[in-house]
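Everything on this sheet refers to the single structure shown next.
Only the coordinates and a few stated rules stand behind these numbers; no lab work does. Remember, it's a predicted structure, so these values are computed and weren't measured experimentally. Because the Cβ atoms are built from the backbone with ideal geometry, glycine has one as well, and the counts that use them run over all protein chains shown.
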Amino acid sequence: MKSKEIILSSWWAALLMPISVQAHPFRLSGDTIGFFSGLVDPFASTDHILAMLAFGVWVYRVGRPLVYLLPIVFVGLMLMGGIFTLIPIEIAYADKALYLSVVLLGLMLVSDYKVPLPIATLIAGVFAFFHGYVHAFDMLLGIETIMYTTGFAIGALLLITTGLVIRLLLVRVSNNDLNRFLGGGDK
């Protein structure tokens, strides 16, 4: 990678890094009621929006058939992280891992380095787990928890799919420099 590309990639990473990344900056923990609350939850926090969009854009690079499987696995691991909050053991610095995931997913996108698929999938899986773990702390357990969680999973899949569609559209309308910048190589 040329020094100009490294500087440009670093600039974009710094620009896109959220200043304040909180799991739920605009709501109280008692607001988790029902399917609709779960559905809009992923769209209400910058960390989730950035991570899901970045993952969707990154998944496009993987290609078929994993492009269809990895988003489902990602959401499944998020749900598993959420279930892990029921165990009375706290994971230290889980919120820091969530913040780091946003930065590292962005760096995976802007770097031209092709991370081997098993390693990249492992990294994304760990990030998904921590996202689910941190976000689940804000849920109240009750009768609406299953509906909320269902909405949350669907909302996360919608964001990942949006990232895939953005990448697909940019590849179709862009030149090779932008495509390479988005991590697509010479596709």
Whether the range 34-181 is rounded, prolate or oblate, judged on the alpha carbon gyration tensor where a/c under 1.5 counts as rounded: prolate
R0 of 35 Å, Cβ-Cβ distance V115-F43: FRET efficiency to nearest 0.05: 0.80
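Relative contact order of the range 34-181: what whole-number percent is it, with Cα pairs under 8 angstrom and at least 6 residues apart?
Numbers: 175 pairs, mean separation 74.7, N = 148.
It rounds to 50 percent for the range 34-181.
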At R0 = 30 Å the Cβ-Cβ FRET efficiency linking V62 and I146, nearest 0.05, sits at 0.45
